[in-house]
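Beneath this line is the structure, given in structure tokens, with notes to follow.
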Ligand code: NAI
């Protein structure tokens, strides 16, 4: 059996936490031969800490053979100590009367502090996934607050958007979702994201040709994927949690264990590829191998795509400008 690795999860007593922790402990994220120590962070509030204790009692009661230890805490320095993986799920939701700028700065405070704590105590190889919204900008803030860690260790979750796009294409073509290859979602995890199936294939055939309907792409597919989060809130009365946790598992598993040449979407700091300015936390098509991701290169960007990629880039740059004074 391998030596245990440390997995930090913030917002551990929340909705996504409740769908996520049990799957990590059962080996779905890092493999059935990889023991894990869960280091769970919640806010220093009696109710949240009590709820976290309840989650830990349930984790105990699952008697997971791979769960080699647990820590529940309200201190980021404890939660991130020697962490090999960190899933930053906890974030400040938008409250009544809260403007977008207030939301950005409330979260900037959280992710500045958590970036600093990761910088101080996490493993130098820590793989960080930010799920808490606004995910790309929160990941950018954490990255900027951790100057001693490689910037490439910080990622944002676009995988739920990728999975949503894949299942819409499966429904449209009547093909199994597992058959869809080389799909991607560019940009911000927000309704401006650009889900792009121009390069996607099913059994070697072009998805674009199979669908052959640009109006469907523009008027049905893109709005459906972009507004799926809102549609789930409208239907369920609660935001997507199980599918978000599932996407977090997919993102981390693929990053850690590799994709065997298949494309996945990750929000990562741009290296300047496709004209996206360096450092912007942007969704790109990547492949993963040996714990590293590589941006898929050489894709043609047509006029429609460039326009969509710029819309989502502009939104990210606006978000970045809104928090710039907090990072100075
Ligand atoms: P939730 O409200 O059920 O749980 C969030 C938990 O985080 C709460 O228990 C809260 O006490 C905790 N928390 C807040 N600030 C914290 C901090 N500074 N440190 C540690 N814990 C903290 O929310 P839910 O449904 O679990 O969603 C969590 C986040 O994930 C939200 O920001 C949501 O918008 C986002 N999300 C992102 C998705 C993506 O695709 N990137 C998809 C779905 C949700």
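A compact table of results
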read-out: The chain: angle of helix 100-121 to the longest principal axis, Cα-based, in degrees nearest 10; value: 60 degrees
read-out: Extension reserve of the residue 63-residue 314 stretch, reckoned as 0.36 nm per residue once the Cα distance is removed; value: 85.6 nm
read-out: Stretch gain in nm, segment residue 177-residue 105, where the contour uses 0.36 nm per residue and the Cα spacing is subtracted; value: 22.1 nm
read-out: Fewest-first sequence of 224, 294 by Cβ atoms within 10 Å of each Cβ; value: 294, 224
read-out: Relative contact order computed over the chain (Cα-Cα under 8 Å; 6+ residues apart), in percent; value: 17 percent
read-out: Relative contact order, percent, the stretch 201-328 [alpha-carbon distance under 8 Å, six or more residues apart]; value: 15 percent
read-out: Calculated FRET value between residue 216 and residue 296, using beta carbons and R₀ = 22 Å, to 0.05; value: 0.35
read-out: Hull-based mean projected area of the chain, where the convex hull spans the alpha carbons, in square nanometres; value: 16.6 nm²
read-out: Principal axis dimensions, largest first and in whole angstrom, of the stretch 143-197 by Cα; value: 48, 22, 13
read-out: Principal-axis tilt of helix 159-173 within the chain, Cα atoms, nearest 10 degrees; value: 40 degrees
read-out: Separation of alpha-carbon centers, the stretch 227-267 and the stretch 306-326, rounded to whole Å; value: 22 Å
read-out: Using alpha carbons only: equivalent-ellipsoid semi-axes of the stretch 255-328, gyration tensor based, whole Å; value: 24, 18, 9
read-out: Volume of the Cα convex hull of the stretch 1-69, divided per residue and given in Å³; value: 71 Å³
read-out: Between helix 303-327 and the chain: long-axis angle, C-alpha atoms, 0 to 90°, nearest 10; value: 30 degrees
read-out: Length gained when the stretch residue 113-residue 307 is fully extended (0.36 nm per residue, less Cα-Cα span); value: 66.3 nm
read-out: The stretch 32-77: translational diffusion in µm²/s, Stokes-Einstein, Kirkwood Rh over Cα pairs, 10 °C, 1.306 mPa s; value: 140 µm²/s
read-out: Residue 120/residue 257 FRET efficiency (R0 30 Å; Cβ-Cβ; nearest 0.05); value: 0.60
read-out: Equivalent ellipsoid semi-axes, the stretch 5-156, via Cα gyration tensor eigenvalues times 5, rooted, Å; value: 24, 19, 13
read-out: Rg ratio (alpha-carbon, reference 2.2 N^0.38 Å) - the stretch 158-322; value: 1.00
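A short reminder: the numbers here are calculations on the coordinates, not readings from a lab. Predicted model, so just to flag it, every value in this text is computed and none were measured. So basically every Cβ, Gly included, is an ideal-geometry build from the backbone, and we count neighbours across all protein chains shown.
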